[in-house]
Amino acid sequence: MSRSRRAGPYPRRRITKVHGKHSKSEGHEDFGLLVADKARKHSIYLRPQEAEWTPKDFNNESPYSIMFGPDKCGSTNKVHFILNHKNPKTGEYVEHHLKYPPSVPYDKLTHVYTAVIGPNNDLRILVDGEEKKKANFLSGDDFDPAIVPPKTIPDPDDRKPIDWDDRAKIPDPDAVKPDDWDEDARWKSRMSKL
């Protein structure tokens, strides 16, 4: 995977490749994937690259798998986590945004933003080592749209028939009690239990 830094209004980019475990993950248990970087205003893009990849081909239009980092511009104030995931049924790539992401601290200091993706599909967002958000990729409540679609999908064209009856019980005018029906049977059964 590769990583790029976008630092504020500056047009230059630093492009590096990340191979396996990096120095920031030393001393930690197996978190799966851990990405951390000091930042004031930039995002980290994880973009899978093929073996023949060259940096000159890398630009803003290059596909990414994960976008992560602070975004404090105008009224926007959040730490983005966006997963660009291929829908297995349609084959289309869809951006899944973390719902209710943490805010960027209100100061002019540099902060360490960390995304920890665990092997159990958990995601933890930390700011300066303090956990600010916990989510799960398989939960329908943590990403918009949900990564795993709901089992039932509302049908916007679904309508009740015109002659639909909303009563809980509808009397059957053709119903007839059997010949051997005993009206007192339930009463006798209750009395015998006392």
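The values are calculated or read from the model by the stated rules, or taken from the named source; none is laboratory data. Owing to the predicted nature of the structure, the values given are computational and were not obtained by experimental measurement. Here Cβ is always computed from backbone atoms with ideal geometry, including for glycine, and neighbour counts include all displayed protein chains.
Kindly evaluate residue 146 against the criterion of being in contact (Cβ under 8 Å) with a residue 40 or more places away in the chain, among the small types (Gly, Ala, Ser), closer than 23 Å to residue 63 by Cβ and in contact with a His (Cβ under 9 Å, 6 or more places away or on another chain).
yes
When you look at residue 135, is it among the small types (Gly, Ala, Ser) and over 30 Å from residue 81 (Cα atoms), yes or no?
no
I'm trying to understand the selection: among the residues of the range 144-177, which are surrounded by 10 or more Cβ atoms within 10 Å (Cβ to Cβ) and assigned to a loop (DSSP other than H, G, I, E, B)?
145, 146, 147, 148, 149
From the list 141, 180, pick out the single residue that is among the acidic types (Asp, Glu), in a loop (DSSP other than H, G, I, E, B) and surrounded by 10 or more Cβ atoms within 10 Å (Cβ to Cβ).
It is 141.
Considering each residue of the range 73-95, count those that are assigned to a strand (DSSP E or B), modelled with pLDDT of 85 or more and either over 22 Å from residue 146 (Cβ atoms) or touching a Cys at 6+ places or on another chain (Cβ under 6 Å) (or both), and give that number.
Going through the range 73-95 one residue at a time, the tally reaches 2.
Looking at residue 150 and the list (1) within 15 Å of the chain's Cα centre (by Cα); (2) within 22 Å of residue 64 (Cα to Cα), which single condition is not satisfied?
Every condition holds for residue 150 apart from (2).
Give 70, 101, 63 a once-over and let me know the one that is assigned to a loop (DSSP other than H, G, I, E, B) and either in contact with a Ser or Thr (Cβ under 7 Å, 6 or more places away or on another chain) or surrounded by 14 or more Cβ atoms within 10 Å (Cβ to Cβ) (or both).
101
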